[in-house]
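What follows is a single structure, written as structure tokens, with notes after it.
The values are calculated or read from the model by the stated rules, or taken from the named source; none is laboratory data. Computed from a predicted model, the values in this text were never measured in an experiment. Heads up, the Cβs are rebuilt from the backbone with ideal geometry, glycines too, and the neighbour counts pull from every protein chain shown.
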Amino acid sequence: MAKTVIGPDEMGRRYDESASMTDLLNEGQVHLSYWYGEEDTTPLREASRRITRKVADALNLRAGDRVLDAGCGLGLPALDVAEATGAQVTGVTVSQAEVDAATARAAAAGMQERVRYQRADYMALPFADASFDAVLAMESLIHAPDLDRVLREFHRVLRPGGRVGLVDYTVESEASAREVEEFFAALGLTNLLTLPGWIEKFTAAGFAVEEYTQCGPRVFGMGPKYIEAARGVRESVVARFGDEAYQGLEGGLSGFFEISADRIGYAVAAFGKPRA
């Protein structure tokens, strides 16, 4: 299957360009949202925070833990984790626009002493061995040009007994090769794996699987809710970016969720670095 591999500089440029609109749509969150069903009327922004809570719970974070948010986006998940658990969080992203927006968000929340952000590539992390108690990887590994290299870096910067929390898309068994290849081509995704495939990658990197949940129908399967949320901010998007930009946003979301949730899933998982 052909894959389009996007390097960190190009990925950073893409996120630089999309950061402002993403922030307007989903308040500092770049990942998807979780609803309990069609009748669940929770706003997009709060439904996204449910994903952050799920992965933080899976990691069993505690006050004083040192957490790396690898692919921190616009910064809200790191702030939520720090506030809820008392952890110290360092977020990294290849987008300077995201670093700037996230840093401003932390300052506005009075959290700049506990949460900081910097531009860095997770394939070559600028941290010493055993610097962190946990790593968050929320919809970031799917973009990794070299997934094995990233996981080796996670293993290196984690202390023995530390954990990685994965939140990412999965390929379900019903997916046809053609549909998955089209999904790759449209989004430039590098690592679209089955849940067993993700587990295999982590175990090969020296991690032990501790927990996993497949929640695709409540996340990727709620496509109409994302489009509804976009329509709810239409006036703001048009006023700031123009009607063409809004049409691109809604059209992009419609195309993104066109493939059904029995073909593309969504997993939350935790993996541990052995103590010895």
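Computed values, structure above
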read-out	value
Unique residue being out of contact with any His (no Cβ under 6 Å at 6 or more places or on another chain) and part of a loop (DSSP other than H, G, I, E, B) when the list is Leu79, Leu32, Leu25	Leu32
Scope segment 80-92; condition in contact with a Gly (Cβ under 8 Å, 6 or more places away or on another chain) and either of a type in the set (A, V, I, L, M, F, W, C) or at pLDDT below 95 (or both); matching residues	Ala87, Val92
Those residues of segment 56-71 which are part of a loop (DSSP other than H, G, I, E, B), of a type in the set (Gly, Ala, Ser) and surrounded by fewer than 24 Cβ atoms within 10 Å (Cβ to Cβ), in sequence order	Ala63, Gly64
Subset tally (residues that are surrounded by 18 or more Cβ atoms within 10 Å (Cβ to Cβ) and either under 21 Å from Arg178 (Cβ atoms) or out of contact with any Phe, Trp or Tyr (no Cβ under 8 Å at 6 or more places or on another chain) (or both)) for segment 199-211	1
Cross-chain or 6+ apart pairs with Cβ under 9 Å, segment 23-39 first and at positive phi and in contact (Cβ under 8 Å) with a residue 40 or more places away in the chain, then crowded, with 23+ Cβ neighbours inside 10 Å and assigned to a loop (DSSP other than H, G, I, E, B)	Glu27/Leu74; Gly28/Gly73; Gly28/Leu74; Gly28/Gly75
Leu74, sole failed condition from (1) surrounded by 22 or more Cβ atoms within 10 Å (Cβ to Cβ); (2) closer than 22 Å to Leu166 by Cα; (3) more than 13 Å from the chain's Cα centre (by Cα)	(3)
Residue within segment 195-207 that is of a type outside the set (A, V, I, L, M) and in a strand (DSSP E or B) present	no
Residues that are buried (at least 16 other Cβ atoms within 10 Å of the Cβ) and more than 17 Å from the chain's Cα centre (by Cα), drawn from segment 110-126	Met111, Arg114, Val115, Arg116, Leu125
Residue within segment 107-127 that is of a type in the set (Ser, Thr, Tyr), part of a loop (DSSP other than H, G, I, E, B) and within 24 Å of Gly161 (Cβ to Cβ) present	yes
Residue identified as in contact (Cβ under 8 Å) with a residue 24 or more places away in the chain, among the hydroxyl-bearing types (Ser, Thr, Tyr), part of a loop (DSSP other than H, G, I, E, B) and out of contact with any Ser or Thr (no Cβ under 7 Å at 6 or more places or on another chain) among Thr213, Thr190	Thr190
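Let's see how each residue does on (1) among the small types (Gly, Ala, Ser); (2) under 17 Å from Ala267 (Cβ atoms); (3) touching a Ser or Thr at 6+ places or on another chain (Cβ under 7 Å):
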residue	(1), (2), (3)
Glu46	no, no, no
Arg49	no, no, no
Val55	no, yes, no
Ala58	yes, yes, no
Leu61	no, no, yes
Arg66	no, no, yes
Ala70	yes, yes, yes
Ala82	yes, no, no
